[in-house]
Structure formats: C-alpha cells, structure tokens
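Structure, as structure tokens:
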Amino acid sequence: MSPVPPRPGLGAQASRLAEILRVDHAGEMAAVAIYRGQQTVMAASPRHAALAQTLGEMKAHEQVHLDRFDQLLTQHGVRPTLMAPAWRLAGFALGAATALMGEKAAHACTEAVETVIEGHYARQIEEVAADPDAYAPGLQAELTGFRDDELAHRDAAIAQGALDAPGYPVLAAVIRAGCLAAIKISEKV
C-alpha cells in the first residue's frame, strides 16, 4: 500500500496530520491494552513470570509512544478516535485470549500486530518525508523511532516461537485483518 496522496484544498494538510495522529494514538492505546491483557494472564502463573515481566517491558515501551501521541493530540488540537473505549476493550480481550491459548499464541499476536504496525508506520514515514514542512516538526524522526521499537517487539516474538503457534496462519491472518480494519476506522472516526 502506498502513502496517502496529498489532498487539495485549504486545511488538507492539517486534516491529514489529524488522521495520522489520531490513528497512531489509537494504535498505541490498543497495543498497551493488548500487552496488559497478556501480562495479566501470564502473571497469574509463576511458570510464566519471566514472560509476564517481558510483556510488562513491552507495554512500557508502548506507553511511552502513547504518552507522546497524547501530547501531540493536545498540541495540535486533534481529538482521539471515538472508538477508544472499544479498542481498549478489544485490545485487552485479544491479549488475554491469545495468552490463554499459550505462550506461542501470545507471541503470534505480537508478531501479527507489530507486522501490520511496522508497515503502517513505514507508509507514514514515507509520506511525511515527501513533504516534511507540511507536518509537525520532528514527526518523521519520532515515527521512525516508534517503528523501530515495533520491529524489535516483532523480532523478539518471532525469536520466542510466534511462527510455531498452533494455527499460526489463521490466527495471524485474523489479527492482521482486525488491525487493518481498526486503522481505517480510527483515521476517520
């Protein structure tokens, strides 16, 4: 998928910046919820204490991203997605459900989500790079840093057996489809 072409008209760039900030805020909020759901389930078992700690660290990375998008929304006068309550609930449920399916399913969830988000950030980085003056100062660098964190999470999940999860192709396809739908909805709503 290529970057969104620039729209003509007065206020078009501000409108596009609002979409970018809104959807990225929503994604980071959902990521925090997913990791919270996974961590909650894994922390209940002493056998999964190390994984629960790792999930907590990943959740902390996502919280840093979310906090920054909170600041950017306020700074640019952009409202968050109206879907925020649904995304928080869905994220927690997805995280908890995949964790209940086992460690590898939890890692498969991380791999699927982070793969979609990496591609999403890559398209935004390309879009902003094409006309950096039209966007918030430093946005390209921040998006690049966030994307790199997402890649690290994805790579860690793969290293921990994400691709070996039972039913991985179906599980990953469903999660990716849900992420892509949430992205489209969150940009506008």
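The values are calculated or read from the model by the stated rules, or taken from the named source; none is laboratory data. Values in this document were obtained by computation on a predicted structure and should not be read as measured data. Here the Cβ is made from the backbone with ideal geometry for all residues, glycine too, and neighbour counts use every protein chain on show. Just the protein is used for accessible areas: all its heavy atoms, side chains included, with ligands, DNA and RNA removed. Shrake-Rupley method; radii C 1.70, N 1.55, O 1.52, S 1.80 Å.
Sort out which residues of region 63-91 are within 13 Å of the chain's Cα centre (by Cα), open to solvent by 60 Å² or more (accessible area, probe 1.4 Å) and of a type in the set (A, V, I, L, M, F, W, C), and write them in order of number.
The answer is 64, and nothing else.
What single numbered condition from (1) closer than 22 Å to residue 52 by Cα; (2) in contact with a His (Cβ under 6 Å, 6 or more places away or on another chain) fails to hold for residue 80?
(1)
Of everything in region 161-189, what is of a type outside the set (Ser, Thr, Tyr), assigned to a helix (DSSP H, G or I), open to solvent by less than 70 Å² (accessible area, probe 1.4 Å) and in contact with a Lys or Arg (Cβ under 9 Å, 6 or more places away or on another chain)? Give them in sequence order.
162, 187
Does residue 1 fit the bill of being within 20 Å of the chain's Cα centre (by Cα) and modelled with pLDDT under 90?
Criteria met by residue 1.
Would region 29-41 turn up any residue that is at pLDDT 90 or above, over 21 Å from residue 127 (Cα atoms) and open to solvent by 60 Å² or more (accessible area, probe 1.4 Å)?
Within region 29-41, one or more residues are at pLDDT 90 or above, over 21 Å from residue 127 (Cα atoms) and open to solvent by 60 Å² or more (accessible area, probe 1.4 Å).
If I filter region 119-136 down to residues being in contact with a Leu (Cβ under 7 Å, 6 or more places away or on another chain) and buried (at least 18 other Cβ atoms within 10 Å of the Cβ), which single residue comes out as modelled with the lowest pLDDT?
Among those that are in contact with a Leu (Cβ under 7 Å, 6 or more places away or on another chain) and buried (at least 18 other Cβ atoms within 10 Å of the Cβ), it is 135.
Residue by residue, here is whether (1) closer than 20 Å to residue 163 by Cα; (2) at pLDDT 95 or above; (3) among the hydrophobic types (A, V, I, L, M, F, W, C) holds:
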| residue | (1), (2), (3) |
| --- | --- |
| 58 | yes, no, yes |
| 93 | no, yes, yes |
| 109 | yes, yes, yes |
| 138 | no, no, no |
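Can you list residue pairs whose Cβ atoms sit under 8 Å apart, with the first residue in region 49-66 being over 17 Å from residue 143 (Cα atoms) and touching a residue at least 24 places away in the same chain (Cβ under 8 Å) and the second being open to solvent by 60 Å² or more (accessible area, probe 1.4 Å) and not β-branched (Val, Ile, Thr)? Count only pairs 6 or more apart in sequence or on different chains.
51/103; 59/36
So which of 49, 14 is part of a helix (DSSP H, G or I), open to solvent by 20 Å² or more (accessible area, probe 1.4 Å) and under 21 Å from residue 129 (Cα atoms)?
14 is the lone residue from the list that is part of a helix (DSSP H, G or I), open to solvent by 20 Å² or more (accessible area, probe 1.4 Å) and under 21 Å from residue 129 (Cα atoms).
In region 147-162, which residues are in contact (Cβ under 8 Å) with a residue 40 or more places away in the chain and touching a helix residue (DSSP H, G or I) at 6+ places or on another chain (Cβ under 7 Å)?
Hits for region 147-162 are 149, 153, 154, 157, 158, 160, 161, 162.
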